[in-house]
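Working notes, beginning with the structure itself.
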Amino acid sequence: MSEPKKSLKPTSDPVQRAVEAIAKWLSTADRTESELRDRMEKRLIPPEVADEAIARVQAYGWLDDQRVAERQIQKDREQRLLGKGRVKQRLLNRGLDGESLVSAEEEERDRAIALLRRQRQKWDSAASAARGLASRGYDEDAIRAALDSEFPGWEFGESGNIDE
């Protein structure tokens, strides 16, 4: 017969319990310091305990906001083909510095063109394409470049609307 399993004794140290909670949250997804602090606040973990727990996990190398920002930027740009305005907003929503976002204008235009080509059947006019690109955070220069690429001859009409 096998030995009975020993149960893990819960720790009485509140900082260690907070670190264990953070480990659990980080095991499911990358999280920012801000997101972890929000979770701890919702669970009524005192701020001084949260501060110490954050310091410990940073010392362990488990928490790196710059790494999270880089992964978020890469995913938003390459998989979602979002423009820099939308990417910056998503970073800010996660409690990250929007200044982490550095992009060459040429890359922005290339992504806008790639997205427009992928959505060409759905966005069958220059106007709908412009709205779709703008809603994804692309700036005016990138939108113009994409429209020039896929809708030759488009222009703004006298009313400011797009004529095709």
Quickly work out the Glu155-to-Asp64 label distance, labels modelled 7 Å from Cα along the C-beta direction, and quote it in nm with one decimal.
5.2
Which order do Leu116, Leu44, Leu63 fall in if you start with the one that has the fewest other Cβ atoms within 10 Å?
Leu44, Leu63, Leu116
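List the trypsin sites (Lys or Arg not before Pro) in the stretch 23-82 that DSSP assigns to loop (not H, G, I, E or B) and whose Cβ has at most 16 other Cβ atoms within 10 Å. Which are they? Can you show the working numbers first?
Working: sites: Lys24, Arg31, Arg37, Arg39, Lys42, Arg43, Arg56, Arg67, Arg71, Lys75, Arg77, Arg80; in loops: Arg31, Arg43, Arg80.
Here the sparse-neighbourhood loop sites are Arg43, Arg80.
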The stretch 36-142: chymotrypsin sites (Phe, Trp or Tyr not before Pro) in DSSP coil with no more than 16 other Cβ atoms inside 10 Å:
Trp62
Whole-Hz ³J(HN,Hα) for each residue in the stretch 40-49, computed from phi via Karplus 6.51 cos²θ - 1.76 cosθ + 1.60 with θ = phi - 60°, x for glycine and proline: what do you get?
5, 5, 5, 9, 6, 7, x, x, 5, 5
Assigning unit charges at the beta carbon (Lys, Arg +1; Asp, Glu -1) and nothing else, what dipole magnitude in debye, to the nearest 20, does the stretch 14-63 show about its Cα centre?
200
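Below 15 angstrom from the Cβ of Gln58, what's the summed charge of the other residues (Lys, Arg +1; Asp, Glu -1)? The partial results should precede the final answer.
On the way: positive: Arg31, Arg37, Arg56, Arg67; negative: Asp30, Glu33, Glu35, Asp51, Glu52, Asp64, Asp65.
For residues surrounding Gln58, the net value is -3.
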Residue-by-residue Karplus 3J(HN,Hα) for the stretch 124-140, coefficients 6.51, -1.76, 1.60, Hz, glycine and proline x:
8, 9, 4, 5, 5, 5, 4, 5, x, 5, 4, 5, 9, x, 6, 7, 4
Simple spin-label estimate for Ala134/Asp110, 7 Å along Cα→Cβ, in nm, reads 2.7
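Read-outs throughout are calculated quantities, based only on the coordinates presented, and are distinct from any laboratory measurement. Because the structure is predicted, anything quoted here is derived from the model rather than measured. In this analysis, Cβ positions are derived from the backbone assuming ideal geometry, glycine residues included, and neighbour counts consider all displayed protein chains.
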